[in-house]
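Worksheet for the structure shown next.
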C-alpha cells in the first residue's frame, strides 16, 4: 500500500459517521467518473471542466519521454540550472517534488526585485527557465518572462534555446510562445491550477531539474484504484471526512511534517485546501506548523491536527497517547498528492461549496492593476518607530504609538474562533529568518497563525482570506526596495508592482471588514530586531 491513514478522537467519529453516507452516495466512483453533479447545481458547470486531474496519470504519461529528452538536450548544451517562473499551483507542486527528490530547482514566485535579481544573477549562462502559467496572462509570470528574455539576449544567448513554456492550449501565452519559437508544453485544460501537480505544470520543471517523474506517476497510479472504489477503507473518503466532517467542525487544519521523507508538502496542501474550500463564508484554514509550534499546547477546540509521518499505523502504535485525536498520514509523494486531491473534493461536498472555483482571488489582482495604472500617492504612515512605518485599519492604528502597542491592538481583535495571517511581501531569499515571526505571534495570540510570502500567497490562501469566515486579522510586512528592476515593455518596475500588490490586497481586505496592520521595513536587515522584539510575548508588560 502506498498510502496509510490513522484517525482518532473527533476525526475518527467523523469518519465513522460520514463515510458510510459517502459510500452510499457513490462519491468516490463519481469523482473518478468525473460526475460534475456531485457538488450541486451551482457548481456543475465549473466542475464539468475541472475534473481532468482524476486521469492525470494516464494523460501525463506521454509527456515523460518528451521532458527527459529535453532535459538531456539542455544538459548536452551545458545547461545545468533550471529556474521556474510561476505562481500558486504552477510553483508549489514543483517545489515539493524537487525538494523531496533532492534536486535543485530555483523557484521564482515573487515580484520582489531583490529576489528576481538574485535568480537572474545566478549562473545565467548555464540556466534555462520554465515559464509556467495556466491562463497565460499571469502578470507576475509575464514579467518574469520579459525579464529573462532581455537578460538572455543581453548575454548573447538565444532565448529560444533557454525558455520553456507550460500553459493551457489556446492561451495568450501559448500563441505568443509558439510564435517566438519557444518550446511549449500544453497541460490538460480540464485541470485547475491547484490540482495540476501531476500534469505538465508539475512534471516539466521537476523533470528538467532531474526528479524521477516517471516514478512519481507510478506512485500516484498505485493508489488510484483504492480511490475509485466506493468502500469504507477508501483513503480519499476517510481523509475528506476527517478534515471536513467533525461535529462541531474543526475548521483550522494544522499540518505537521513529523518524520516524513516528503519535504515541504504542507505548503502545497495549503493552497489546495484554502483555495478550494475558503468561500461563501466557510472553509478549512490550513496552518503549516512544526513539531514545536505554540498552537499544539493550547488544546484549541477548532484546530484539527494532521501529522505527516513515515508509517501512520506504526506511529500510532508507538505514540498513541501523545497524538490522540490527530490524523496520521503516510505514503509516497505521488500517492499523497492523489489522496489529498480526492479528499479536498470530498470536503467540498461536505461543506456545500464548489471546490473548483476561486471567486475572490481576482479582487486583489484588479486592485493592484488599478494602483499601477493610477499611481496614487502612498498613504502616509500613522507613525514611524525604530525605522518601521506603521499603517493600517483605524481600529488598529488610531490609538497606538508603539510597535508592540499596535501589534497588541491587532491581536485584541481576535475572536475565540479567529486566526492571524502574516503576509510577508519581502525578499525571502535575503530575509528567510522573517518566517520565525510566526511562532512568536502564535505564542502571543494563542490562536492559529499562518505565514505566507507575498505575492505568492495571493494565488493560494488569498482566496480563504476574503471568501472564508470573517474571523482573520492580518499582519502585512513590506519592505523598501534597495535595488529596483525595470520590467521590459512595462511602464512599472518590479518594486512598484509588489508595492501595488501589497497595497491592493490590504485595500480589498479592509473593504471586507478585515483588520489590517502594515509594517514597512525601511531598512530590512536593521529593522528585524525591533520587529521581533515588538511581537515577542516575553517582551510585553504584565
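Starting from residues that are touching a residue at least 40 places away in the same chain (Cβ under 8 Å) and assigned to a helix (DSSP H, G or I), keep the ones in region 29-43 and report whichever is nearest to residue 358 (Cα to Cα).
At the first step, the residues of region 29-43 found to be touching a residue at least 40 places away in the same chain (Cβ under 8 Å) are 29, 31-32, 38-40, 42-43.
After this cut, where a residue has to be assigned to a helix (DSSP H, G or I) as well, the list is 29, 31-32, 38-39, 42-43.
Details: 29: 25, 31: 20, 32: 22, 38: 18, 39: 15, 42: 14, 43: 12 Å.
Looking at the filtered set, the residue picked out is 43.
Go through the residues of region 296-310 one by one and say whether even a single one is closer than 17 Å to residue 448 by Cα and either without any contact (Cβ under 8 Å) to a residue 12 or more places away in the chain or assigned by TED's automatic domain parsing to the domain that holds residue 92 (or both). Yes.
Per-residue answers, yes or no, for (1) in contact with a helix residue (DSSP H, G or I) (Cβ under 7 Å, 6 or more places away or on another chain); (2) within 30 Å of residue 40 (Cβ to Cβ):
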position	(1), (2)
326	no, no
332	yes, no
345	yes, yes
354	yes, yes
363	yes, yes
373	no, no
393	yes, no
418	no, yes
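Being assigned to a helix (DSSP H, G or I) and under 30 Å from residue 529 (Cα atoms) is a description that does not apply to residue 401.
Of the residues making up region 317-339, none is part of a helix (DSSP H, G or I), in the same structural domain as residue 511 (by TED's automatic domain parsing), crowded, with 21+ Cβ neighbours inside 10 Å and at pLDDT 90 or above.
Residues are listed down the side, and each one gets a yes or a no for (1) within 22 Å of residue 412 (Cβ to Cβ); (2) touching a strand residue (DSSP E or B) at 6+ places or on another chain (Cβ under 8 Å); (3) in the same structural domain as residue 443 (by TED's automatic domain parsing):
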position: 468; (1), (2), (3): yes, yes, yes
position: 471; (1), (2), (3): yes, yes, yes
position: 485; (1), (2), (3): no, yes, yes
position: 496; (1), (2), (3): no, no, yes
position: 506; (1), (2), (3): yes, yes, yes
position: 513; (1), (2), (3): yes, no, yes
position: 516; (1), (2), (3): yes, yes, yes
position: 522; (1), (2), (3): no, yes, yes
position: 530; (1), (2), (3): yes, yes, yes
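One residue alone among 51, 63 is in contact with a helix residue (DSSP H, G or I) (Cβ under 9 Å, 6 or more places away or on another chain) and more than 20 Å from residue 343 (Cβ to Cβ), and that residue is 63. Here 66, 46 are screened, and the one residue that is assigned to a helix (DSSP H, G or I) and closer than 30 Å to residue 233 by Cα is 46. Per the listing 460, 401, the residue uniquely touching a strand residue (DSSP E or B) at 6+ places or on another chain (Cβ under 9 Å), over 29 Å from residue 106 (Cβ atoms) and touching a residue at least 12 places away in the same chain (Cβ under 8 Å) is 401.
Check region 242-257 and report whether any residue there is surrounded by fewer than 20 Cβ atoms within 10 Å (Cβ to Cβ) and under 20 Å from the mean Cα position of the chain (by Cα). Spell out the reasoning first.
First, pick out the residues of region 242-257 that are surrounded by fewer than 20 Cβ atoms within 10 Å (Cβ to Cβ): 247-249, 257.
Right, trim to under 20 Å from the mean Cα position of the chain (by Cα) and you get 257.
Yes: region 242-257 contains one or more residues that are surrounded by fewer than 20 Cβ atoms within 10 Å (Cβ to Cβ) and under 20 Å from the mean Cα position of the chain (by Cα).
Taking region 127-171 as the range and being over 24 Å from residue 77 (Cβ atoms), out of contact with any strand residue (DSSP E or B) (no Cβ under 9 Å at 6 or more places or on another chain) and surrounded by fewer than 16 Cβ atoms within 10 Å (Cβ to Cβ) as the test, only 137 passes. Among the residues making up region 377-398, none is without any contact (Cβ under 8 Å) to a residue 60 or more places away in the chain, farther than 24 Å from residue 498 by Cα and part of a helix (DSSP H, G or I).
You will find that of 194, 178, the residue that is crowded, with 22+ Cβ neighbours inside 10 Å, modelled with pLDDT of 95 or more, closer than 24 Å to residue 108 by Cα and outside the structural domain of residue 310 (by TED's automatic domain parsing) is 194 and no other. Taking residue 260 as the residue in question, decide whether it is surrounded by fewer than 24 Cβ atoms within 10 Å (Cβ to Cβ) and modelled with pLDDT of 95 or more. Yes.
The values are calculated or read from the model by the stated rules, or taken from the named source; none is laboratory data. Since this is a predicted model, take the numbers as computed values, not measurements. Note that each Cβ is placed from the backbone with ideal geometry, even for glycine, and that neighbours are counted across all protein chains shown.
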